[in-house]
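Shown next, in structure tokens, is the structure this report addresses.
Derivation of every value follows stated rules applied to the coordinates shown; laboratory data play no part. These numbers come from a predicted model, not from an experiment. Positions of Cβ are backbone-derived with ideal geometry, glycine not excepted, and every protein chain shown enters the neighbour counts.
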Amino acid sequence: MTTNDGAPDPGAPADADLMTASIDLAAALRELIELSATTTADATAVRSAAELVRAATGQLEGPRRPLSQLPRLDDPAARRRTFNPVSGVANGMAPPLRFRVTDGVVSAEATLGAAYEGPPTFLHGGMSALFMDQVLGDTAAVNGLWGMTAHLELDYRGPVPLGRPLAFRGWVEETSGRKSVIAGSIALADAPDRPLVEARGIFVMPRPEKLESYFGSVTDVSGAHRPPGNPGDATVVEQV
């Protein structure tokens, strides 16, 4: 596991084998989700697949962590949120986006498939909002401006096509006390300066009493209190 500059990641998970297995499971789930949205198989084949999926699900039955406990593969201080729905390498819902940071600007590329479709052949507008919220939030965090989303607005300049490489970018526009204004865009990777979606968000660092109210019960797997609230809570370090 490496950081953006190729150096060893000091926050590598203690259970590397579990990380590898979880990444593999997520990759298999992505393949399944994409196939379920594009297959032309008949009803018999689809029912058979459903039975196999339910049988596989049984392999994971057993004790589960409470939502207030971070996954054991996570380490916010090392910028590792393994099951994040946008950038989590072990989340089958995530593409996942892998972010890079250059002079405070966050960028990523991804090609999205039918699982994210809204209008035929184009990305669902709500998915654009999800991705941009993550991009802008990570941009704030890596610039030492961690905060929670207080306002998010998007301008849809054109439909975002599926099946083509996309470029995601985020940058800091202004800061004032606990508040930061972050902007970003989604564009075709071969035309990054012609945005299809433009976004602007306001992120606010909660006051200490609010942080405690929101995250006072959050612990890591050892039971230690692990609330967010520092620049390490981004997910921008490449995780594979």
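Odds and ends about this structure:
- Rounded to two decimals, the Cα-based Rg/Rh of the chain, with Kirkwood Rh, is 0.98.
- The modelled label-to-label distance between E109 and S36, using points 7 Å beyond Cα along the C-beta direction, is 3.0 nm.
- Sum of -39500 (n - 2.57) over DSSP H runs of 4+, divided by residues of the chain (222 nm, nearest 500): -9000 deg cm²/dmol
- Restricting the range 33-138 to GluC sites (Glu not before Pro) that sit in a DSSP loop and have at most 14 other Cβ atoms within 10 Å of their own Cβ leaves E61.
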